[in-house]
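Just below is one structure, and these are the notes that go with it.
The values are calculated or read from the model by the stated rules, or taken from the named source; none is laboratory data. This structure is a prediction, so every number in the text was calculated from the model and none was measured. With ideal geometry, Cβ positions are generated from the backbone for all residues, glycine too; neighbour counts draw on all protein chains shown.
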Amino acid sequence: MSLGLGIFLVVAGAILVYALNISVDWIDLDLVGYILMGAGAVIIVLGIVLITRKRTSITRSAVVNGEQVTKEKRSIDDA
């Protein structure tokens with residue numbers, strides 16, 4: 001989801017900067033476009049970092065008193 005949002009912000013910012021030739025007195029659309037593109041780039045980088053983190057999951061199953069018991073441990077390897 002974060003990659004999609006980042007791409008959307010970059011595209012919306014590029015449209016504001018390069019495709020529109022509208023002049024508004026109370027806001028600078030070029031600056032807003034550059035801010036959106038910068039925010040989109042930051043979100044894309046953070047999304048890639050979060051996706052590439054190593055994650056481990058350990059599942060143990062056992063039969064206790066005739067019932068199957070499953071324990072799952074999840075951890076993120078920060079190394």
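Anything in the stretch 1-40 that is farther than 24 Å from Ile51 by Cα and among the aromatic types (Phe, Trp, Tyr)? List them, or say none.
Within the stretch 1-40, Tyr18, Trp26, Tyr34 qualify.
When you look at Ala12, is it over 21 Å from the mean Cα position of the chain (by Cα) and not in a loop (DSSP other than H, G, I, E, B), yes or no?
no
Go through the residues of the stretch 51-59 one by one and say whether even a single one is in a helix (DSSP H, G or I), modelled with pLDDT under 90 and surrounded by fewer than 12 Cβ atoms within 10 Å (Cβ to Cβ).
So far as the stretch 51-59 goes, yes, one or more of its residues are in a helix (DSSP H, G or I), modelled with pLDDT under 90 and surrounded by fewer than 12 Cβ atoms within 10 Å (Cβ to Cβ).
Regarding the stretch 61-79, can at least one residue be identified that is loosely packed, with under 12 Cβ neighbours inside 10 Å, in a helix (DSSP H, G or I) and out of contact with any Gly (no Cβ under 7 Å at 6 or more places or on another chain)?
Looking through the stretch 61-79, none of the residues is loosely packed, with under 12 Cβ neighbours inside 10 Å, in a helix (DSSP H, G or I) and out of contact with any Gly (no Cβ under 7 Å at 6 or more places or on another chain).
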